[in-house]
1. Within the bounds of the range A:95-118, is there any residue that is outside any loop (DSSP other than H, G, I, E, B), crowded, with 16+ Cβ neighbours inside 10 Å and free of Cβ contacts under 8 Å to residues at least 40 places away in the same chain?
2. Is it the case that the range B:128-138 has a residue that's among the charged types (D, E, K, R) and facing another protein chain (nearest Cβ under 10 Å)?
3. Could you give every pair whose Cβ atoms fall below 7 Å, whose first residue belongs to the range A:202-228 and is at the interface with another protein chain (Cβ under 9 Å from one of its Cβ atoms) and under 22 Å from A:I17 (Cβ atoms), and whose second residue is part of a loop (DSSP other than H, G, I, E, B) and among the aliphatic types (A, V, I, L, M), counting only separations of at least 6 or pairs across chains?
4. Are any residues in the range B:104-127 more than 7 Å from chain A (Cβ to nearest Cβ) and polar (S, T, N, Q), and if so, which ones?
5. Can you give me the number of residues within the range A:64-76 that are closer than 21 Å to A:P103 by Cα and either in a strand (DSSP E or B) or among the small types (G, A, S) (or both)?
6. I'd like to verify a number: residues in the range B:77-97 that are surrounded by fewer than 20 Cβ atoms within 10 Å (Cβ to Cβ) and basic (K, R), how many?
Amino acid sequence: MNTRLLSIVRKEFIQIIRDPRTLVMIVVIPIMQLFLLGYSATNDVRNVPLAVLDRSQSVESRALLNSYRAADYFHIAYAVESEAEIEDLILAGKARAAVIIPPDYAQRLAEGDAQIAFILDGSDPTSASTALAASQLIGQAHASKILLQKFELSGMNLRVQPPVEVRTTVWFNPDLISAHFMIPGVIGMILYAIAAILTATSVVRERERGTIEQLIVTPIRPWELIVGKLTPYVVLGFFNTIEVLAVGHWWFGVPIRGNLGLIILLSGVFLVTGLGIGLLASTIANTQQEAMLTVWMTLLPSIFLSGFFFPLEAMPKVLQWLSYLMPLRYYLVIIRSLLLKGVGLDKIQFDVIAMTLFAIGIMTLAALRFRKRLD
Amino acid sequence: MNFNPTMNNLLVSASNLKKHFGDTRAVDDVSLQIKAGEIYGLVGADGAGKTTTMRLLVGALKADAGEAVICGYDINKQTEQARAQFGYLSQRFSLYEDLTVLENIRFFAEARGLKSNEWLPRSLEILEFVGLEKFKDRRTGQLSGGMKQKLGLASALVTKPRVLLLDEPTTGVDPVTRQDFWQLVIKLVSQSKKLTAKNAKSAKPALTEVEVEQQNLSERSALRGSKISEIEEGVAVLISTPYMDEASRCHRVGLMKSGKIIAEDTPSNLRARLNNRVLELRGSPLNVLRHVANKDQDVEDVQAFGDRLHIRVGERKADDVLSRLKSAIRSEGGRVDELRAVSPVLEDVFIALSESNHE
C-alpha cells in the first residue's frame, strides 16, 4: 500500500475526529435537516384552523359541522358570534378559513336550496387551494348524504348513483405523504452540501493556517494529495447516506423499494460531484468563509432548479433548461425512483449517465485546477 | 538514497532565478551553489527576497525564469524526486497544531517515504536529538514557540535529507532557544562532515573560527552519545536570517537586497573588505558625536551600536580621521572617552554594501 497516501488519510481522520465543528456537521446536521425538512417542508394540508359562525344553531347545522370535524383537513378552532370576529381571527392568522351558516339554513335545506359561506385565507396559495378543494369535497359529500336520506324518507326505493365516477388510484405514495417526496431529496442535498463544504474547508484550512506550505514541499504526488484528502469524506459521505436513509426509512416510513446496493452505488457517484465542487471551491477561496460561501452559491440554484421543492414541469422553459445543468436534478430523479418506485437501472438510464458525466467532468476540472503550489 | 552521482558534491544549485509579484521584482537573477557539508546563510532585511528565494528553491512558487537543482533533480521538472531530497522549515510555523508531536513527525516521515516499520525508531531518535522526546504525546498547539521550531527542525530532519532549507528558523525565538537551535544545526553538519572527509578526501576548506567551534561542539555531542551519526554523506544547509550574529556562524554568506545577492563570501572575507575602515567612538553627548563625525569629509557612514558609534571611513583614511576627529568633537563641546580602529563586524559590511548598491 502507498505509504504517502495512507499518511494523508490518517492525518485527515485524526483532524476530523479532533475537530468538534466537523463532527457536529457530520453527525448532527444531516439528522437536523432531515427532521426539519421531513416535518416542515410539507404540502400536506392538515388541521387548518377553522372559525365557525353558526347562526342557524339547528340539528342540521351541527350535522354539517360534524362533517367538517370528521375530515382531518380542518379543526374547528373558534366558534364566533359575528363576521367581525372572523375578520379579526383571519387577519391575526389565528384562523385560516371560516364557515358561516345563515340563520335560515335548516328551513332552506328542507326547501332544497341551502347555502353556506366558506371564507379562505388565500395568502398561501398552495395550502389554500388544497383547503378549498377539501372544503368543496366535504360540502358535496355532505349534500349527497342528505339527498340519500331524503330519498329514503320519501319511501322511494331508488338506487341513487352519480352517472360518472372517477376512481382514483395513487401509486407509490398512496397517502400522498410529503415526507416520502422530501426525504430522498434531503439525502441528495446533504451529500452535496456536506461533501462540498467539508472538502473545501479542509483544503482551505491548510492554506489559512499555513500548513499548506509544508504539505506542498513533501514528495506527495498531486493525485495522492487529492485522493488522500477526499478519501475520509467519501467514507463520511457514505455514512451520511446510510444515516439519512435509515432514519428516513424507520422514522418517516419512507419505503426502500429499489436495490439497496444500486442506491448506495449511485449515491457514491453523486458524492463525487459534491467532492469535486468542494475541491473546485477550494481552488478559488482563500478563507474558510469564502469556501463556504462559494459552495452555498452553487447549492441554492441546485436546490431550486432540481425539483427539490417545486415540480420542474411548472417552471418557465428557461429555468427548465437551466435545470439540466444541476447535477442534483439527476440524482433526485434517481433516488426518488429507486426508493419510491423501485425501478431498475433501465428506467433511469438517462439520469444515471448524465449524473456520471457531471461527476467525472467536475472532478476532472477540479483536479486540473488544483495546484501543489502557493501561487 | 537515490542520489544522482553526476552532481559530485554540489547539492543545491540555483541559476538566474527570477520571480516578480506585480511590479515588484521579489527575486531578481539569483544564483547560488551549496556544497555538501556547508552552511550557507542568506542574509538580508525583511522584504529583501530571502523567503521568495527559498520558496523558489523548494518549488512552492514557480520561478518566472532560471532553474533550481537539488541533488541533481530539477525542482520544476522532477519536482517530487527533488522534494524527497530536502527538509524544509518554512518561516511561518506550518505543522498541524491539532496533531501531537509524534503524529506530526509520523505524517512528515511517511509523507516523505519512510515505511511503516521505519518511522517510529527514526522519529524517536530525532525527537531525542532536538530534545522533545518527553513531549511526544503533547498536542503541537500547546508547545512553546521555541519547541515548535525544534519540532519543525525534527520534521525536516526525520528522513535524513541531504539538504536542509531553513527559512528564518530563529525569528521570534528567545535567545537561549536560538542558541540551542544553532547548536543542533552545527552538530548535524559537523557530524556528517567528518564522515564526508573520511569517505571522500575532498579538498577541505581552511578552518574558520566558526568551524573550530563546530568541531569542539561535535566532540562534545559525541561524548553525549548522540546517535545522529549514521548520516552517510555531508549535509548542505541553507539558512536565512535577519541576524548578523547568525550570519557569522555560516561557512558562506549571501547578502540579499531588493531581490539580488549583492555580495557572497565567507564571513571573514566579507569582514576583511572593511579592514582598517571602521572606528569605534565612545563619548557624549551622542548627537554631537554623530553630528561632528558626519561632517568629516572622509566619513562615509555613522551607525549607533548601543552607547557607541561605528564610523566607517574611506579607504586608507582611518589615520587621518583618527587624528582630527577628537579635537573636532571637543571644539563642538562634546566629550570623547575612546576613539580607536576596530575590526569590522558583519553588520558594518552589510550596511556598507547596501549603500554602495543604491541604484
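1. Yes, that holds for at least one residue.
2. Restricting attention to the range B:128-138, the residues satisfying the condition of being among the charged types (D, E, K, R) are B:128, B:133-134, B:136-138.
With facing another protein chain (nearest Cβ under 10 Å) added as a condition, the list becomes none.
No: the range B:128-138 contains no residue that is among the charged types (D, E, K, R) and facing another protein chain (nearest Cβ under 10 Å).
3. Note: pairs meeting the criteria are A:T211/B:L95; A:Q214/B:L95.
4. Scanning the range B:104-127 gives B:N104, B:N117, B:S123.
5. Step one: filter the range A:64-76 for residues closer than 21 Å to A:P103 by Cα, giving A:64-69, A:76.
Of the ones still in play, those that are also either in a strand (DSSP E or B) or among the small types (G, A, S) (or both) are A:67, A:76.
Selection size over the range A:64-76: 2.
6. Residues in the range B:77-97 being surrounded by fewer than 20 Cβ atoms within 10 Å (Cβ to Cβ) and basic (K, R): 2 in total.
Residues checked against (1) buried (at least 16 other Cβ atoms within 10 Å of the Cβ); (2) within 14 Å of chain B (Cβ to nearest Cβ); (3) within 20 Å of the chain's Cα centre (by Cα):
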| site | (1), (2), (3) |
| --- | --- |
| A:M315 | yes, no, yes |
| A:S323 | yes, no, yes |
| A:L332 | yes, no, yes |
| A:L340 | yes, no, yes |
| A:F350 | no, no, no |
| A:I353 | no, no, no |
| A:L357 | no, no, no |
| A:I362 | yes, no, no |
| A:K372 | yes, yes, no |
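To keep it simple, each residue is scored yes or no on (1) crowded, with 16+ Cβ neighbours inside 10 Å; (2) over 33 Å from the mean Cα position of the chain (by Cα); (3) of a type in the set (D, E, K, R); (4) closer than 24 Å to A:P301 by Cα.
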| residue | (1), (2), (3), (4) |
| --- | --- |
| A:V170 | no, no, no, no |
| A:A179 | yes, no, no, yes |
| A:M189 | yes, no, no, yes |
| A:L230 | yes, no, no, no |
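The values are calculated or read from the model by the stated rules, or taken from the named source; none is laboratory data. Predicted model only: the values in this text are computed from it and were never measured. No Cβ is skipped: glycine too gets one built from the backbone with ideal geometry, and neighbour counts run over all protein chains shown.
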